[in-house]
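Structure, as structure tokens:
The values are calculated or read from the model by the stated rules, or taken from the named source; none is laboratory data. Treat the numbers as computed from the prediction; the structure is a model and nothing was measured. Here Cβ is always computed from backbone atoms with ideal geometry, including for glycine, and neighbour counts include all displayed protein chains. For accessibility, only protein heavy atoms count, side chains too; no ligands or nucleic acids. Shrake-Rupley method; radii C 1.70, N 1.55, O 1.52, S 1.80 Å.
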2 protein chains.
Amino acid sequence: MARIYNFSAGPAVLPEEVLEEARTQLPDYHGSGMSIMECSHRGRDFAAVHAEAIANTRKLLKLSDDYAVLFLQGGASLQFAMVPMNLLTDGAVADYTNSGSWAAKAIKEARKIGQVNVAADCGKEIPTRVPRMDELQLSANAAYLHVTSNETISGARWNSYPQVDVPLVADMSSDILSRPLDVEPFGLIYAGAQKNLGPAGMALVVIRKDLAEKAPETLPTMLQYRTHIENDSLYNTPPCWTIYIYMLVTRWIMKQGQEKLYRQNVEKAAGLYERIDRSAFYRGTALPEFRSDMNVTFRLADEELEALFVKEALAEGLSGLKGHRSVGGIRASIYNAFPPEGVEKLVDFMDDFEARHG
Amino acid sequence: MARIYNFSAGPAVLPEEVLEEARTQLPDYHGSGMSIMECSHRGRDFAAVHAEAIANTRKLLKLSDDYAVLFLQGGASLQFAMVPMNLLTDGAVADYTNSGSWAAKAIKEARKIGQVNVAADCGKEIPTRVPRMDELQLSANAAYLHVTSNETISGARWNSYPQVDVPLVADMSSDILSRPLDVEPFGLIYAGAQKNLGPAGMALVVIRKDLAEKAPETLPTMLQYRTHIENDSLYNTPPCWTIYIYMLVTRWIMKQGQEKLYRQNVEKAAGLYERIDRSAFYRGTALPEFRSDMNVTFRLADEELEALFVKEALAEGLSGLKGHRSVGGIRASIYNAFPPEGVEKLVDFMDDFEARHG
């Protein structure tokens, strides 16, 4: 089994132990005579998977009973609509921060539903960053304040969150469970699974249960958080395989230790940024104080050189380094499951590439 | 590898060859150095999977260029809302047929969106059935007529479809690709994958492209069919693993031959119904002329005997025979991938059970 170093932004690298476990259990899940994909979502085997997935999430995020854990389909993209459909009720306004491509998508969808105040906008700035606290122009009575914790495309992130009187709502797709988090100020957190959590095909939603009560009963049943809370996230057939792999990933995180993974993430990113800053050959995309530990973005002198960088890196077993098609450049996504050795190898390659092309 | 006979209604049995292929390719997909779950949804390896999944669907359903093939998240349950949100536009009415639990769910969601005419209602009749053609009270100018091709819970199905001037829209979750189908009268067909198509986590949607143009632009982007048509079903990160297994399942169907599978399905169901009708010990739930080939439902004298039947069957390696929790009884779901030997074994068990308890 020759594993490549996979720097993809998502779908992204999964822990080898998780893949090995999934492979071992594939044709016959723990002696049930069927794979987990074939087990009824209301039967004993999947029920245990589902319960452990929820319990692990509660433990890792230190959730009180005020919060529900949901596994919904449609990724973060559907959450962009579900959040305002449920929380931005008649006459209210919602504050949104624009920090880049993903925040902009959330704003676009919220505007279709209700009144949006963009409290701060640095979405198109280069170098990239997220808003500073003193820039926020908040509404008097917002239903919530939306933040994008980490912009996967630009590589900028919030280091800490605004202290406001309204619930925070966050798209944490690209950094959930990668660093310490106090959930208490958040009314709702959502995250597409395919970066730090598992394969594509679901969004993790953590919601303060009282907030779900605001939703109009006229909303489609599937689009009400209330429906999924009342049915323990089993209103309809859930994405069983994705939940299963997510359960294995959360189990793996607990085995590694959250603190250890966090320190490792900081070190991996620091190593890469140190290499970027060592010469003018590479230029970091994000303002240093807003740099993401998950998505390390940088540019070279021109697009031709960037294309050569991506091509030569791939030949060295370093895959997925091409920046998002909307912005170009180089992006190294180094989520929890990305091994430190891969970062070291990338740093060595960057040295070598500069020596040959600098 | 000890496989059980899995009569679950969904998630359901998958072809052994598909599981074996998935297992073989799990840690290292065709030498890419990563599993298919870790491949970028915009990279070469997944693009090939996605393209083959669409091409196989086009071939198996004999689709003209007028139709688009979409893989959407949220199962059939989200389609219950998306269909009227997109097709039941201002002032129009939609005709729905009520044939049982699933049709009723589709009707409930459509009523939240617009005006619904229930053209025929036999949803609560026992023995179960679907409407007869001469019962349909159609609207003068309906946007569409909705049918549920096969009621998974009650075990009743349409043998042929109404000939009307408006597009048919069908929930074909439990019998798609199990029997011949002329797609031409249909404007939209949707099917949760977890019965005849693959694992849970997506709905196959086949839509006549011109119909998608009716949707108001004010709908959330993710809930417009237009969005997914314009982006070749890759607007956001798709459920890659589910699409991959679906691709393998469609490949398997083509290898088996649709005609052969269809004949096999007819024979499997006929064998079971013949056994049911042989004595008064078992009583079929559906009216004979509406009996489903996919979900064979029957009752025993009382619930206690039914519980014993399910328990003893499981001990014999016959799993998942308990009827849906909403109706009770026995249900044997025998989709494409369910092997004929399993039906023979169930018939033998039914003989034996009757001999001991009749």
Practice item. Among the numbered conditions (1) under 30 Å from B:A332 (Cα atoms); (2) among the aliphatic types (A, V, I, L, M); (3) buried (at least 24 other Cβ atoms within 10 Å of the Cβ), tell me where B:M133 comes up short. Key: (3)
Check your understanding: Here is a list of conditions, (1) away from chain A (no Cβ under 14 Å); (2) assigned to a loop (DSSP other than H, G, I, E, B), and B:E217 meets all of them except one; can you say which number that is?
Key -> (1)
Practice item. Being in a loop (DSSP other than H, G, I, E, B), under 19 Å from B:L346 (Cα atoms) and free of Cβ contacts under 8 Å to residues at least 24 places away in the same chain is the filter here, so list the residues in region B:249-298 that pass it. Key: B:R278, B:A280
Review point. For B:L177, all conditions in the list (1) among the hydrophobic types (A, V, I, L, M, F, W, C); (2) within 13 Å of chain A (Cβ to nearest Cβ); (3) open to solvent by 10 Å² or more (accessible area, probe 1.4 Å) hold save one; what is the number of the exception?
Key: (2)
Point to revise | Residue list for region A:310-326, restricted to those being in contact (Cβ under 8 Å) with a residue 12 or more places away in the chain and either open to solvent by 50 Å² or more (accessible area, probe 1.4 Å) or not assigned by TED's automatic domain parsing to the domain that holds A:F353 (or both) | key: A:E316, A:K322, A:S326
Exercise for review: Kindly provide the set of residues from region A:1-22 that are facing chain B (nearest Cβ under 7 Å), touching a residue at least 24 places away in the same chain (Cβ under 8 Å) and within 19 Å of A:I253 (Cβ to Cβ), ordered by number.
Suggested key: A:N6, A:G10, A:P11, A:A12, A:V13, A:L14, A:A22
Review point. Which is hydrophobic (A, V, I, L, M, F, W, C) and more than 23 Å from A:G198 (Cβ to Cβ), of A:A212, A:A269?
Key: A:A212
Revision key, fill the gap. Counted residues in region B:322-358 being under 27 Å from B:L261 (Cβ atoms), touching a Phe, Trp or Tyr at 6+ places or on another chain (Cβ under 7 Å) and at pLDDT below 95 come to 0
Review point. In region A:4-58, what residues are among the charged types (D, E, K, R), touching a helix residue (DSSP H, G or I) at 6+ places or on another chain (Cβ under 7 Å) and closer than 23 Å to A:N265 by Cα?
Key: A:E17
Study note, to complete from the structure: In region B:265-303, anything of a type in the set (F, W, Y) and under 15 Å from B:W158 (Cα atoms) is listed as B:F290
Practice item. Mind listing just one residue for me: the one in region A:228-240 that is within 21 Å of A:A193 (Cα to Cα) and outside any loop (DSSP other than H, G, I, E, B) and, of those, farthest from the other protein chains (Cβ to nearest Cβ)? Key: A:I229
Check your understanding: What residue, among those in region B:253-267 that are open to solvent by 30 Å² or more (accessible area, probe 1.4 Å) and hydrophobic (A, V, I, L, M, F, W, C), is nearest to the other protein chains (Cβ to nearest Cβ)?
Key -> B:M254
Exercise for review: Search region A:24-46 for residues that are facing chain B (nearest Cβ under 7 Å) and pair each with any residue that is hydrophobic (A, V, I, L, M, F, W, C) and open to solvent by less than 20 Å² (accessible area, probe 1.4 Å) when their beta-carbon atoms are under 6 Å apart and the residues are at least 6 apart or on different chains.
Suggested key: A:P27/B:L19; A:S35/A:L26; A:S35/B:L19; A:M37/A:W241; A:E38/B:V13; A:E38/B:L14; A:C39/A:F46; A:H41/A:C240
Exercise for review: Please work out if B:L138 is touching a residue at least 40 places away in the same chain (Cβ under 8 Å) and in contact with a Ser or Thr (Cβ under 9 Å, 6 or more places away or on another chain).
Suggested key: no
Exercise for review: Within region A:11-38, work out how many residues are out of contact with any strand residue (DSSP E or B) (no Cβ under 7 Å at 6 or more places or on another chain) and within 23 Å of B:P238 (Cβ to Cβ).
Suggested key: 11
Check your understanding: Restricting to region B:311-354, what's the tally of residues that are away from chain A (no Cβ under 12 Å) and assigned to a helix (DSSP H, G or I)?
Key -> 18
Exercise for review: Specify which of the listed residues (A:A270, A:A280, A:A307, A:A286) is open to solvent by less than 30 Å² (accessible area, probe 1.4 Å) and not assigned by TED's automatic domain parsing to the domain that holds A:M133.
Suggested key: A:A286
Practice item. With the condition kept exactly as written, say whether any residue in region B:281-296 is farther than 19 Å from A:S40 by Cβ, over 26 Å from the mean Cα position of the chain (by Cα) and not hydroxyl-bearing (S, T, Y). Key: yes
